[in-house]
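The values are calculated or read from the model by the stated rules, or taken from the named source; none is laboratory data. Keep in mind that this is a model prediction, so the values were computed, not measured. Using ideal geometry, Cβ is built from the backbone for each residue, glycine included, and neighbour counts are taken over all protein chains shown. Accessible surface is based on the protein model in full, side chains and every heavy atom, while ligands, DNA and RNA are left aside. Shrake-Rupley method; radii C 1.70, N 1.55, O 1.52, S 1.80 Å.
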Amino acid sequence: MSRIGRQPIAVPSGVTASAQSGVFKVKGPKGELTVPYNTELTVRQDGEQLLVERPSDAQRHRALHGLTRTLVANAVKGVSDGFTINLELRGVGYRARLAGKNLEMTIGYSHPVVIEPPAGVSFTVPEPTRIDVSGIDKQLVGQVAANVRKVRKPDAYHGKGVRFVGEQIALKAGKAGATGGKGKK
């Protein structure tokens, strides 16, 4: 059984948090976020910690307890440190560059693919084959990174495409047989 909901959330210095009537607001050096939560639960600050409490041990309350605690913890971490997801390009001639704030990728199509970041998300390209997606909202950063990956998913035979750093792609075997395609005689 998970005990995530019972863990306190440490509030770093420079971060202010408040919870009222189903809305948790947190402000920090990187920005400001609001997280809606179920009003049956309570979020309260106890010194330098935030505590999420549930009214009963009903299954529904236990599920909401862990979810709410995780969402609040992600908001606190986002406004203090931020989130970054790293992507890499694999393939001959595959590269990325920044055009203003937009990400421009050359990934095997007849035209470059341009992706405009939504508000609160930024792209950086430290190398032509690496893309960093950064922001304070964990869900939004993850969704934008998934959308960038979706433009050219890694192919199953060679592994060419856009992938998360460290992602393992199970490659399929190519054509089998050493007869050169002529078959048996």
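List of remarks:
- Of all residues in segment 96-116 being polar (S, T, N, Q) and closer than 14 Å to V148 by Cβ, the one that is surrounded by the most Cβ atoms within 10 Å (Cβ to Cβ): T106
- Residue within segment 61-69 that is hydroxyl-bearing (S, T, Y) and open to solvent by 20 Å² or more (accessible area, probe 1.4 Å) present: no
- Scope segment 1-53; condition under 23 Å from L140 (Cα atoms) and of a type in the set (K, R); matching residues: K25, K27, K30
- Taking (1) part of a helix (DSSP H, G or I); (2) free of Cβ contacts under 8 Å to residues at least 60 places away in the same chain; (3) surrounded by 14 or more Cβ atoms within 10 Å (Cβ to Cβ) in turn, L51 satisfies each apart from (1).
- Restricting attention to segment 110-133, the residues that are under 14 Å from V165 (Cβ atoms) and either in contact with a Gly (Cβ under 6 Å, 6 or more places away or on another chain) or assigned to a strand (DSSP E or B) (or both) total 8.
- Taking segment 123-158 as the range and being more than 17 Å from A75 (Cβ to Cβ), acidic (D, E) and open to solvent by 40 Å² or more (accessible area, probe 1.4 Å) as the test, the residues that pass are E127, D155.
- Any chance T42 is among the hydroxyl-bearing types (S, T, Y) and open to solvent by less than 60 Å² (accessible area, probe 1.4 Å): no
- For the residues V72, V76, V26, the requirement of being part of a strand (DSSP E or B), among the hydrophobic types (A, V, I, L, M, F, W, C) and either at pLDDT 95 or above or closer than 25 Å to G120 by Cα (or both) singles out V26.
- R163 vs. criteria touching a Pro at 6+ places or on another chain (Cβ under 7 Å) and touching a residue at least 60 places away in the same chain (Cβ under 8 Å): yes
- Among residues of segment 80-109 that are within 14 Å of P126 (Cα to Cα) and in a strand (DSSP E or B), those with a beta-carbon under 7 Å from a residue that is among the aromatic types (F, W, Y) and open to solvent by less than 50 Å² (accessible area, probe 1.4 Å) at least six positions away or on a different chain give the pairs L98/F123; L103/F123.
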